[in-house]
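Peer 1: Dumping the structure here so I can ask a few things about it.
The values are calculated or read from the model by the stated rules, or taken from the named source; none is laboratory data. Because the structure is a prediction, the values reported are computed rather than measured. Cβ sites come from the backbone with ideal geometry, for glycine too, and all protein chains shown count toward neighbours. Each accessible area value is taken on the protein alone, full model and side chains, heavy atoms only, with ligands, DNA and RNA left out. Shrake-Rupley method; radii C 1.70, N 1.55, O 1.52, S 1.80 Å.
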Amino acid sequence: MKLTFTLIVLCFSIELMAQKAGTLDSSFGVDGKVLDTSFNQADCNAMALQPDGKILTGGYTDTLTNALHGGFYINRYTSDGSIDGSFGVNGKVIIRQIQGVIAYSPKTIIVQPDHKIVALGYFLPGKLYSDVGLIRLNEDGSLDNTFGTNGFVLTSISKWDDVLGGMVLQPDGKIVVAGNKQVDEYTPGPDFVLRYLPDGTPDESFGDKGQVFTSFPLNSIPGGVVLQPDGKIVTGDEYSGSSSQFQLVRYNTDGTLDETFGANGFARIKAASGFLSELNSLAIQEDGKFVAAGRYDLFEPAMALARFNADGSIDSAFGNLGLGYIYLYSPDVYAIGKSVFVSRGKKIILTGFYSKSYAEQVAAVQYNENGIIDSSFGEYGIAAGSFTNKFGSDITSGLGLLQPDGKIIVSGCFFRDKNGFKYSVGLVRYADGLSKKQIIVQKIKHYIQTHNAQATTLNNVPIYPNPAQNVLHVEGLSSNQKTKLTVVDFNGKIAMSYELSPMNSSYNLIIASLHAGNYLLK
């Protein structure tokens, strides 16, 4: 069965002065910044974006009285940076313990198509070492009792710490978690990949009862995981020895190593001089190439990017060094890349933090597709942000989000006293620089086509905002069949086309690139 949605819309242009890409977005918080003083103390270790534009942050907080190990929190903001009081208690979900297990901090947050929220984090069943834990919340922040045991799944890999690398959601609702199994208190062991069914039980069709372990000659520290469109799983590590390297590993859908990738499933890139370390994030381009973000060390640490071709070979055409990697170095500056994204315009966006003379700031850097810095963004390709209450900032700074409309959010922490005893989450958002358009939805038709027969019904398909600028959010799509959305003008010329996989019951349609005029979305 093929489902097609037709939306008849009126599109017209509004002449507004667009902010330059990489400048602070004045519609967010106060002058582009949010300083969240509602916590006694909190850092930010994870971020996610809901389909409606609301922003989730997660990390560690000691808000609770006499909390020996602090608390695991998830916080929600509206799209303008205000605290969303409809989530949890006053915008927050704080978990000190769950089922007798200490909840420490989330590593990754994902929002499912049904708007439920999955958080991967560190949980301590004993006093010293952490296990892999998953919590699923309903949209309002309450625990989802249909997941695991009353919303919680705990997986113990070893008697030592289980180090987390990241989490991705498959289109069929299965959850993939990557990490490393330590062999003693300080030494990494084999990498692991775990897969869970949508209800939180192990997927026994994957590896050995839902678990896959991969050993390496040298130590590896996990830092990312992405899912290819064909379902193959790619993990990223810092592969260390006499010199640190970026490493990618690709697995088939059943958990076996994909030996067609790199050298027998492994791809590595080594710096000609210095080290590529602390791989923190992975992204996939439309052409199947992989971009890895982290840190380059030679003198002071610098933000770094490396690119691999789809087959795992090094993309030597990336950047101006001919080596497949680039780094952003400035004397006496300490910097680390934390998140990387590929925009619909094929720009590569790197977020992170940097420090000079002990004053730390968050930053976003934009590159063209070839790895050359985009000087039209921010100041010579770099957008920096600091917090007005600055006594310094915490090293968790630099995690980023790329909104569907092209705006960039970067998180950090700001100290609230000069002694550095209290710190809270700060966010900055940068404008995308796009000219603004508005579309107004006039009529909605939902066609269901089966073989040669076609029925037409009028359905209440939620669409917002209406009018919309740059992005139109569409809900009520099929969650079990492929859905195709095509934008055409009234002359029948296709302006853009999208095919959505099953499980995508909602979609953000980017409209900023359309010329002024009338369009059909079908």
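Peer 1: Which sequence of Y329, Y239, Y423, Y380 reflects their accessible areas, 1.4 Å probe, from the largest down?
Peer 2: Y380, Y329, Y423, Y239
Peer 1: Provide the per-residue ³J(HN,Hα) series for region 179-187, in order, calculated from phi with Karplus coefficients 6.51, -1.76, 1.60 and θ = phi - 60°, each as a whole number of Hz, with x at glycine and proline positions.
Peer 2: Per residue, the Karplus-derived 3J(HN,Hα) values read x, 9, 9, 6, 9, 7, 4, 10, 10 Hz.
Peer 1: Count charges around D203 for me, please; just the other residues with Cβ under 14 Å from its Cβ, Lys/Arg as +1, Asp/Glu as -1.
Peer 2: -2
Peer 1: Find the Cα radius of gyration of region 167-281, compare it with 2.2 N^0.38 Å by division, and give the number to two decimals.
Peer 2: In units of the globular-protein estimate, region 167-281 measures up at 1.06.
Peer 1: What are the principal axis extents of the Cα atoms in region 172-212, in Å, biggest first?
Peer 2: Ordered largest first, region 172-212 gives principal extents of 36, 15, 12 Å.
Peer 1: Just to check, using Stokes-Einstein with a Kirkwood Rh over alpha carbon pairs, what's the diffusion coefficient of region 245-313 at 25 °C and 0.890 mPa s in µm²/s?
Peer 2: The estimated diffusion coefficient comes to 194 µm²/s.
Peer 1: Turning to a different aspect of this structure: Mind checking the per residue accessible area of region 260-317 for me, 1.4 Å probe, whole number of Å²?
Peer 2: 37
Peer 1: Could you give me the ³J(HN,Hα) list for region 142-150, computed from phi with Karplus coefficients 6.51, -1.76, 1.60 and θ = phi - 60°, whole Hz, x at Gly and Pro?
Peer 2: Result, rounded to whole Hz: 6, 5, 8, 6, 8, 10, x, 9, 6.
Peer 1: Give me the percent of accessible area attributable to carbon and sulfur for region 185-310, probe 1.4 angstrom.
Peer 2: Here it works out to 50 percent.
Peer 1: Short version: ³J(HN,Hα) in whole Hz for each residue of region 225-234, in order, from phi by Karplus 6.51 cos²θ - 1.76 cosθ + 1.60 (θ = phi - 60°), x for Gly and Pro, what are they?
Peer 2: 8, 9, 10, 6, x, 8, x, 5, 10, 10
Peer 1: Which value, in Å² rounded to 10, gives the accessible area of D131 with a 1.4 Å probe and all protein chains present?
Peer 2: 10
Peer 1: Moving to a separate point now. Give me, ordered by chain and number, the residues 5 or more places off Q97 or on other chains with an amide H under 5 Å from its own placed amide H.
Peer 2: A103
Peer 1: On full extension of the chain, what length is gained from E286 through Y129, given 0.36 nm per residue of separation minus the C-alpha to C-alpha distance?
Peer 2: Once the chain is fully extended between E286 and Y129, it gains 52.6 nm.
Peer 1: Now for a different question. Taking a probe of 1.4 angstrom, what is the accessible area of Y196 in Å², to the nearest 10?
Peer 2: 10
Peer 1: Here is a further query. What figure in square angstrom, to the nearest 10, would you give for the accessible area of R344 with a 1.4 Å probe?
Peer 2: Answer for R344: close to 130 Å² accessible.
Peer 1: Still on this model: Once amide H atoms are placed 1.01 Å from N in the peptide plane, what residues at a sequence separation of 5 or more from G59, or on another chain, have their amide H within under 5 Å of its amide H?
Peer 2: Excluding prolines and chain starts, which carry no amide H, the hits are N45, Y73.
Peer 1: Long-range amide H contacts for D203: which residues qualify at under 5 Å (H placed 1.01 Å from N, peptide plane, sequence gap of 5 or more or a different chain)?
Peer 2: R195, Y196, L197
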